[in-house]
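Trainee: I have a structure here, written as structure tokens, and I will follow up with some questions on it.
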Protein chains: 2
Amino acid sequence: MAVNYTPATKVLPVDGIRLSTHAAGIRYEGRDDLLVVEIAEGSSVAGVFTQNRFCAAPVLLCREFLKSHSPRYLVVNSGNANAVTGQKGLDAAREICAELASLTGVETEQVLPFSTGVIGEQLPVAPFKKAFPATLKGLSEDCWLDAAKAIMTTDTLPKGISKQLEIDGKTVTISGMAKGSGMIEPNMATMLAYVATDAQVEPALLQSLLKQATDLSFNSITVDGDTSTNDALVLIATGKSGVVVNDANQPEFFTLLNEVCQYLSQAIIRDAEGATKFVTIEVDTAPDMETAREIAFTIARSPLVKTALFASDPNWGRFLMAIGRAPVKSLDVSKLSLWLGDTQLIEAGEPVATYTEEQGQLEMDKLEITLRVSLNEGSAATTVWTSDLSHDYVTINAEYRS
Amino acid sequence: MAVNYTPATKVLPVDGIRLSTHAAGIRYEGRDDLLVVEIAEGSSVAGVFTQNRFCAAPVLLCREFLKSHSPRYLVVNSGNANAVTGQKGLDAAREICAELASLTGVETEQVLPFSTGVIGEQLPVAPFKKAFPATLKGLSEDCWLDAAKAIMTTDTLPKGISKQLEIDGKTVTISGMAKGSGMIEPNMATMLAYVATDAQVEPALLQSLLKQATDLSFNSITVDGDTSTNDALVLIATGKSGVVVNDANQPEFFTLLNEVCQYLSQAIIRDAEGATKFVTIEVDTAPDMETAREIAFTIARSPLVKTALFASDPNWGRFLMAIGRAPVKSLDVSKLSLWLGDTQLIEAGEPVATYTEEQGQLEMDKLEITLRVSLNEGSAATTVWTSDLSHDYVTINAEYRS
């Protein structure tokens, strides 16, 4: 039921990255729920993690391990978030890392753990230990799509993408995967995304590029305004292509990285829990970025806006209600203009006389809806993507513990 | 489908207040949609209004008129909010006030207009003009419940209450009514509430008492986090009981006023769009009130918390997720405790070992659910009331333009 979203049939391998999935039976039956990613020695790794104060045990360990060690393995499970599990949860995550480390001859701190699923249940260690030997045997460069499937919870479709460009006659590949469709309003990164490139990028620059791309992609989406306890986005640069990202080619590389991150984050919205619409909210000519973001996100989170979108009801008063309640320092509504697709609804704070309900209906009937707010108070602009609020969203979250 | 809510069968008259309702056909067919309230000369009137920046034409006029004039009439319609209607909407509201003023021999500015219903449609003046003569003929002290019905939109039940106390051997009455069940997160006042007393209260004191009571009632509820463009709460003191509210009896009077405001605001939550649960969220031992309120409201607004409440699912990880993402300056989760009813879930940031899913299920199965968060970081405390997010909420807001 995803909106205009067909998963990629192929995600290109990235030299220096091998992956393997396994049905470890951690929670789900009859499907892969464990992913191990092997990262070649000498790679740079950058990560951004949830700002939720109840961040999960694996997030705490990732932050700790990344301070002092260069990661060689990622271990990811779906079905159990290992969040709000106290010291026991931390111990379990560490034991899982230690086990994988001893099997592969690296240090415990070189294994980064990730979990997604139900919050507040203890993560069993035994299924990991049992599954690791077979999982490691299966490591392969060419199973990104299987990996994207193994990390799904309420997702209906896997999310993966590859982009390539030529630099100095050499091909650089960026491949990425993500999961997530509910509890989505990332604050630093979204629930589990992994992007890798064979370019060589110095660690500080890699972290900076990741932060910039995150703000334009994963930090610009919302399904329900609820920030996960487990959000994590990891960017790996193996350097195996022989291309070094430098001042000259950095813009080009960043554009590609941004395309991958935007594709994956938009795929999360297209596959959002119960989504029937893909909604783009643009706010421009704002006095500052904070005002632009607050207004865009207030519209994007409003249950009344989201139910009107679900109903394809051009009840545009709700858009203005949401703009008017946004927690911004100041807002001169008499300067504000509003467009629904190509149809202008509001000019200088007043309804456009020529607007007809039929025009509005035509725009709202579309699967992809764009709302544009011009504040005419400055030059800041932002774009946010969101989904609607449907019966299926309620059903999924009322009847199912992810 | 309201939760544990049976409307009062009687709302006591208040000496100095007469009311009348009429089926003016402004939008709805076959029901009263117009209310006129007459206020005796010499009464004090205080009001609080929405902080939504797109506030409606009637709200703008109320604010303007109250600056310079003492109100003698309120005119209220349901079905059309007269919000985001530009200069035309302001002109219409003013014309309605002028018409009622000329029929009753008061000044235009002594008539306060109120509207509730669809945003963005022009309010027709003719139905008011046509209905006013008959409506004025029907003025009576004893029709508060009819009035409460006439101002309903998506409400399923009218909301009214009376409280009395003895001061110096004389009886003081406070009666009130309110409407509202969606687009509810009042910021200063909720969508249309009227409270009157026959006590005599000096205007500045009346405004101050109203502000205090509002913060403890209407400003402490949320259905969907969406603040209406038309919120208004008016408190009238006619003085007809002969009792003057002074320093000595003010605490007693305030307690009663607070009871009326809390009853009405809680009635709005009990009758919230699609509500199947009445939820009380208490946050205590917070470092400051702002932190307490942000945490309480973040839980109350969270779609994932609200769908878990609808499902009676003790998925308490969602409560912690919401607490963890609350936009507060600081939060030491290692001190935090959490109770669901009488069952403790979290002690000092970790799950309580003796907790069982059965205990949680027992609490979540109740119609009235209390969640208590102790931060153990200070002495600030707050209580917020909210409803769940059900299929009916989606249906009501997707299929119906209120």
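The values are calculated or read from the model by the stated rules, or taken from the named source; none is laboratory data. Not measured: the values here are computed from a predicted model. Cβ coordinates were reconstructed from backbone atoms using ideal geometry, including for glycine residues, and neighbour counts include every protein chain displayed.
Trainee: Out of the residues in the stretch A:1-50 meeting the condition of being of a type in the set (Phe, Trp, Tyr) and buried (at least 18 other Cβ atoms within 10 Å of the Cβ), tell me which one is nearest to A:Ile236 (Cα to Cα).
Mentor: A:Phe49
Trainee: Can you run down the residue pairs with Cβ atoms below 7 Å, 6 or more apart or on separate chains, where the first is in the stretch B:293-310 and farther than 15 Å from B:Trp385 by Cβ and within 8 Å of chain A (Cβ to nearest Cβ) and the partner is surrounded by fewer than 24 Cβ atoms within 10 Å (Cβ to Cβ) and aliphatic (A, V, I, L, M)?
Mentor: B:Thr307/A:Ala398; B:Phe310/A:Ala398
Trainee: Report, by residue number, each residue of the stretch B:373-402 that is among the acidic types (Asp, Glu) and without any contact (Cβ under 8 Å) to a residue 24 or more places away in the chain.
Mentor: Matches in the stretch B:373-402: B:Glu399 only.
Trainee: Any idea which residue in the stretch B:312-370 is nearest to the other protein chains (Cβ to nearest Cβ), counting only those that are touching an Asp or Glu at 6+ places or on another chain (Cβ under 9 Å) and β-branched (Val, Ile, Thr)?
Mentor: Ranking the qualifying residues of the stretch B:312-370, first place goes to B:Val328.
Trainee: Right, next: Does A:Thr285 qualify as being in contact (Cβ under 8 Å) with a residue 24 or more places away in the chain and either within 14 Å of chain B (Cβ to nearest Cβ) or crowded, with 23+ Cβ neighbours inside 10 Å (or both)?
Mentor: For A:Thr285, the condition - in contact (Cβ under 8 Å) with a residue 24 or more places away in the chain and either within 14 Å of chain B (Cβ to nearest Cβ) or crowded, with 23+ Cβ neighbours inside 10 Å (or both) - is not met.
Trainee: Now, a different point. For the stretch A:179-192, state whether one or more residues are within 17 Å of A:Val260 (Cβ to Cβ) and over 19 Å from the mean Cα position of the chain (by Cα).
Mentor: no
Trainee: Then there is this: Select from the stretch B:371-394 the residues that are crowded, with 22+ Cβ neighbours inside 10 Å and among the small types (Gly, Ala, Ser) and write down the one among them that is farthest from the other protein chains (Cβ to nearest Cβ).
Mentor: B:Ser387
Trainee: Determine which single condition B:Asn397 fails, assuming it passes every other condition in (1) buried (at least 19 other Cβ atoms within 10 Å of the Cβ); (2) assigned by TED's automatic domain parsing to the domain that holds B:Pro303; (3) within 31 Å of the chain's Cα centre (by Cα).
Mentor: (2)
Trainee: Another question, if that's okay. Checking the conditions here, which among B:Thr197, B:Thr153 is under 28 Å from B:Lys67 (Cα atoms) and of a type outside the set (Phe, Trp, Tyr)?
Mentor: Selected residue: B:Thr197, the only one of B:Thr197, B:Thr153 that is under 28 Å from B:Lys67 (Cα atoms) and of a type outside the set (Phe, Trp, Tyr).
Trainee: May I ask you to list pairs of residues, at least six apart or on different chains, whose Cβ atoms are under 6 Å apart, with the first in the stretch B:213-242 being more than 14 Å from chain A (Cβ to nearest Cβ) and more than 30 Å from B:Glu41 (Cβ to Cβ) and the second being β-branched (Val, Ile, Thr) and part of a helix (DSSP H, G or I)?
Mentor: Final answer for the pair search is B:Ile221/B:Ile269.
Residues are listed down the side, and each one gets a yes or a no for (1) within 14 Å of the chain's Cα centre (by Cα); (2) farther than 30 Å from B:Phe297 by Cα; (3) assigned to a helix (DSSP H, G or I):
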position	(1), (2), (3)
A:Gly225	yes, no, no
A:Lys240	no, yes, no
A:Asn246	no, yes, no
A:Glu259	yes, yes, yes
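Trainee: Here is a follow-up. What number of residues within the stretch B:200-243 satisfy the criterion of being farther than 23 Å from B:Asp15 by Cα and surrounded by 20 or more Cβ atoms within 10 Å (Cβ to Cβ)?
Mentor: Going through the stretch B:200-243 one residue at a time, the tally reaches 16.
Trainee: Against the definition (part of a helix (DSSP H, G or I), touching a strand residue (DSSP E or B) at 6+ places or on another chain (Cβ under 8 Å), surrounded by fewer than 24 Cβ atoms within 10 Å (Cβ to Cβ) and among the charged types (D, E, K, R)), how does A:Glu252 come out, yes or no?
Mentor: yes
Trainee: Scan the stretch B:95-109 and give yes if some residue there is touching a residue at least 40 places away in the same chain (Cβ under 8 Å), away from chain A (no Cβ under 14 Å) and touching a strand residue (DSSP E or B) at 6+ places or on another chain (Cβ under 6 Å), otherwise no.
Mentor: yes
Trainee: Specify which of the listed residues (B:Ile174, B:Ile167) is of a type in the set (A, V, I, L, M), more than 30 Å from A:Gly324 (Cα to Cα) and buried (at least 21 other Cβ atoms within 10 Å of the Cβ).
Mentor: From the options B:Ile174, B:Ile167, the qualifying one is B:Ile174.
Trainee: With (1) surrounded by 20 or more Cβ atoms within 10 Å (Cβ to Cβ); (2) part of a loop (DSSP other than H, G, I, E, B); (3) over 20 Å from the mean Cα position of the chain (by Cα) as the list, and A:Gly274 as the residue in question, which single condition is left unmet?
Mentor: A:Gly274 satisfies all of (1) surrounded by 20 or more Cβ atoms within 10 Å (Cβ to Cβ); (2) part of a loop (DSSP other than H, G, I, E, B); (3) over 20 Å from the mean Cα position of the chain (by Cα) except (3).
Trainee: Can you tell me which residues in the stretch B:341-361 are surrounded by fewer than 16 Cβ atoms within 10 Å (Cβ to Cβ) and either in contact (Cβ under 8 Å) with a residue 40 or more places away in the chain or over 18 Å from A:Ile119 (Cα atoms) (or both)?
Mentor: B:Asp342, B:Glu357, B:Gln361
Trainee: Any chance you could count how many residues in the stretch B:107-140 are in a loop (DSSP other than H, G, I, E, B) and in contact with a Leu (Cβ under 8 Å, 6 or more places away or on another chain)?
Mentor: Residues flagged as in a loop (DSSP other than H, G, I, E, B) and in contact with a Leu (Cβ under 8 Å, 6 or more places away or on another chain) within the stretch B:107-140 amount to 3.
Trainee: Restricting attention to the stretch A:116-128, does a residue exist that is within 19 Å of A:Val45 (Cβ to Cβ), more than 14 Å from every other protein chain (Cβ to nearest Cβ) and touching a residue at least 60 places away in the same chain (Cβ under 8 Å)?
Mentor: no
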